[in-house]
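Step one of this worksheet: look at the structure below.
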Amino acid sequence: MKGVFLIAACASVLAVFLICVFLFANGLPAMGKIGPLKFLFGTEWRPTNDKFGILPMIVASIYVTAGAILIGVPIALFTSVFMARYCPKKIYKPLKSGIELMAGVPSIVYGYFGLVLLVPLIRQLFGGTGSSMLAACILLGIMILPTIIGVTESAVRSVPESYYEGSLALGATKERSIFFVMLPAAKSGILAGVVLGIGRAIGETMAVIMVAGNQPRMPKGLLQGVRTMTANIVTEMGYASGLHREALIATGVVLFVFILIINLSLSLLNRRAENAN
Amino acid sequence: MQTNVSVTADPAAETTMKKRNTLTIGDQLKSYAKHPGAGVLAFLTLLGAVTTFALLFFLIGYVLVKGIPYLNASLFSFTYTSENVSLLPSLINTLIMTLVSLVIAAPVGIFAAIFLVEYAKKGSRFVKLIRITAETLSGIPSIVYGLFGMLFFVTALHWGMSLLSGALTMVIMVLPLIMRTAEEALKSVPDSYREASFGLGAGKLRTIFTIVLPSAVPGILAGVILAIGRVVGETAALLYTSGTVAAVPNSLMGSGRTLALHMYVLSSEGLHVNQASATAVVILAFVLVINGLSGLVARKIAKG
């Protein structure tokens, strides 16, 4: 029986190995054929003319993620401080399950919400089509809230109570003690939450496709449509063939490398947070 | 000791002490007037929390209000036609997909957790490798799983777009979740249980299956329920693995769309937006039930 358990334990190792092999084996040749520099830094994506430059998508993914972080992190940070330090005991449990529910809502439902509410709203307020980078930033900002709140709240909770009491005893107000003593002490945990949020935002696909407009060109402004790497794969994979299809898989490889870098920095941060405690 | 003190103390003196030790809202406001910076921070904290929960309520309320009027019997008819975009076939596909992926993922995940907790040497290189790969898996976005499923199950194994290809892609996706929750559940079973079982002459396997696993069931179940939620809501990983045929296939080797895919296709075609709204309600209902269940199970764990 021990052998059976051992084989089951190897499943995750095997899965990661297979994913790496199949993605790289199918994506890297295309990069070679197009030319790695032309592929990564080309600004034109015109599959019909054999032009495969994904720089617009890389830039769009980074912009949209940055926007989501700008919107999501402050709200998440204040909410987690509220949950950890201010929330009355009676309403804590319902609020906590509310955040869990928020994490459980599928991205397609968020996308639908953005499509029927956010996009028309932006169209009315600012003009244009509404399907824009702004819509994607706001929607992703909302979607990463539960992820960041969960990690940040436990980081704030793991700061020893004596820090807070010591600060109060020195005459600081409650707010000064929390924001200038406890939050700096929880720094690496909070940063880990933000990095986790970045990973969620950059990998999000369905919600972004429904609100971002998906035009494959360099991002020009908040109200213009953009296409992220994830959207590029899904919108064109259905009918792509030959080099076009391989270029889409190569886009997936680039995304995968981004995610691996984010994962690596996350585990480094977690190690630092553990050492700090 | 505590009770003795409060019984002997003068009740009147006790209430004055309590009053002195608790801040009323008025005191708090006065202190904010003295320290405006603190007041601003407190206000922002409250504002952040209100924003988060208002967004959640608004999202759920909006989806329900938009969709419930369009929920009608014809949406649940057995066949899908281009006039009547019934969601029943996708609902059945969702159930099949969830069942097949969990039947595979749950045993593999639980067995892996048993290996990590009961057999493996703590801190050995192999265990570290398993941990790192499981962490990597849980950070991979669903579209990358979708690409892999398409390249491996659909193309390399020649299974075509089918429920089986989709389900196996889901297995890899939920595996780290089940592994981690099962591992925590097994770890929280006290060692005294194992020692008592060994002391009575039971072997290792018997101890695991009759003593350790049954005590860890609630924790494992909570993880499995979360995994169900992931499968029900998944879209990007299934689009190019299970395909988007709107019927219940004859076998697992046939293509079929799940509810979330059904909703994506409807809203991206733009012809049946109302039916997409109704589908959103059904998906949300699933999510609410699943979350409620996992909450119940978690409470059961807390009670012991």
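Cross-link candidates for A:Lys89: which lysines have Cα within less than 25 Å, leaving aside residues fewer than 8 places away along the same chain?
Correct list for A:Lys89: A:Lys174, B:Lys18, B:Lys19, B:Lys30, B:Lys300, B:Lys303.
Local charge sum around B:Ile290 (other residues, Cβ-Cβ under 14 Å, Lys/Arg +1, Asp/Glu -1)?
On the way: positive: B:Arg230; negative: A:Glu100, B:Glu234.
Around B:Ile290, the charge tally is -1.
Could you size up the charge dipole of the range B:35-140 around its Cα centre, putting +1 on the beta carbon of Lys and Arg and -1 on that of Asp and Glu, and report it in debye to the nearest 20? Display every interim value, and only then the final one.
Numbers: 6 positive and 3 negative charges, 112 e Å.
The dipole of the range B:35-140 has a size of about 540 debye.
I'd like the accessible area for B:Phe78: 1.4 Å probe, protein heavy atoms, all chains in place, Å² to the nearest 10.
140 Å²
Using protein heavy atoms only (no ligands, DNA or RNA), what is the total accessible area buried between B and A, 1.4 Å probe, nearest 100 Å²?
Working: alone 18110 and 14970 Å², together 26880 Å².
In total, this chain pair buries about 6200 Å².
Build a GNM of chain B with springs between Cα atoms under 10 Å: which of B:Val232, B:Val281, B:Val212 gets the top mean-square fluctuation?
Checking each option, the largest mean-square fluctuation is seen for B:Val212.
In whole percent, and with a 1.4 Å probe on the protein chains, what portion of the accessible area of chain A is carbon and sulfur?
Carbon and sulfur atoms account for 65 percent of the accessible area of chain A.
Quick check: at a probe of 1.4 Å, how many percent of the accessible area of chain B sits on carbon and sulfur atoms?
C and S atoms contribute 68 percent here.
For chain B, what relative contact order do you get, as a whole percent, if you take Cα pairs closer than 8 Å and at least 6 residues apart?
Computed over chain B, the figure is 24 percent.
By its C-alpha gyration tensor, with a ≥ b ≥ c as the square roots of the eigenvalues, how is chain B shaped: rounded for a/c under 1.5, else prolate for a/b larger than b/c, else oblate?
Because a/c hits 1.5 or more and a/b fails to exceed b/c, chain B counts as oblate.
Assuming R0 = 51 Å, can you tell me the calculated FRET efficiency for the pair A:Phe24 and A:Ala169, based on Cβ-Cβ distance, to the nearest 0.05?
The calculated FRET efficiency here is 0.35.
Work out which helices of chain B, taken as complete DSSP H runs, extend at least 18 Å along their axis over the Cα atoms and score a mean Kyte-Doolittle of -1.0 or more, then list them. Present the calculation step by step, with values, prior to reporting the outcome.
Details: long enough: B:36-67 (45 Å, 1.85); B:88-114 (38 Å, 2.07); B:125-139 (21 Å, 0.43); B:163-187 (34 Å, 1.27); B:213-233 (30 Å, 1.76); B:273-303 (45 Å, 1.34).
TM-like helix candidates: B:36-67, B:88-114, B:125-139, B:163-187, B:213-233, B:273-303.
Could you sort B:Lys122, B:Lys204, B:Lys187, A:Lys174 by accessible area so the largest value comes first, with the probe set to 1.4 Å? Let's see the in-between values first.
Values: B:Lys122 160, B:Lys204 85, B:Lys187 120, A:Lys174 60 Å².
The ranking, largest first, comes out as B:Lys122, B:Lys187, B:Lys204, A:Lys174.
What is the mean number of Cβ atoms from other protein chains located within 10 Å of the Cβ atom of each residue in peptide B:56-68, rounded to a whole number?
The per-residue average across the peptide is 3.
Could you please state, rounded to a whole Å, how far the C-alpha centre of the range A:207-268 is from the C-alpha centre of the range A:13-43?
Here the answer is 14 Å between Cα centres.
What is the sum of charges around A:Leu37, taking Lys and Arg as +1, Asp and Glu as -1, for the other residues whose C-beta is under 15 Å from the C-beta of A:Leu37? Provide the component values of the computation, followed by the final result.
Values: positive: A:Lys33, A:Lys38, A:Lys51; negative: A:Glu44.
Residues near A:Leu37 contribute +2 overall.
Let me know the mean shielding of A:168-177 by other chains, meaning the per-residue number of their Cβ atoms within 10 Å of its Cβ.
For this peptide, the per-residue mean of nearby foreign Cβ atoms is 4.
Please report the net charge: other residues with Cβ closer than 13 Å to the Cβ of B:Leu147, K and R +1, D and E -1.
With Lys, Arg at +1 and Asp, Glu at -1, the neighbours total -1.
What is the angle, in °, between the Cα long axis of helix A:145-157 and the longest principal axis of the Cα atoms in chain A? Nearest 10 is fine, range 0 to 90.
30 degrees
If DNA, RNA and ligands are ignored and the probe is 1.4 Å, what is the ranking of B:Val103, A:Val181, B:Val224 by accessible area, most exposed first?
B:Val103, A:Val181, B:Val224
Which order do the peptides B:150-161, A:96-107 come out in when sorted by mean C-beta neighbours inside 10 angstrom, highest first?
Per-residue mean Cβ counts within 10 Å order the peptides as A:96-107, B:150-161.
Taking each residue of A:231-239 in turn, how many C-beta atoms of other protein chains fall within 10 Å of its C-beta, and what is the average?
3
What whole-number distance in Å separates the alpha-carbon centres of the range B:90-123 and the range B:248-304?
20 Å
The values are calculated or read from the model by the stated rules, or taken from the named source; none is laboratory data. Quick caveat: nothing in here was measured; it's all calculated off a predicted structure. Cβ: placed from backbone, ideal geometry, glycine included. Neighbour counts: every protein chain shown. With ligands, DNA and RNA removed, areas are computed over all heavy atoms of the protein, side chains included. Shrake-Rupley method; radii C 1.70, N 1.55, O 1.52, S 1.80 Å.
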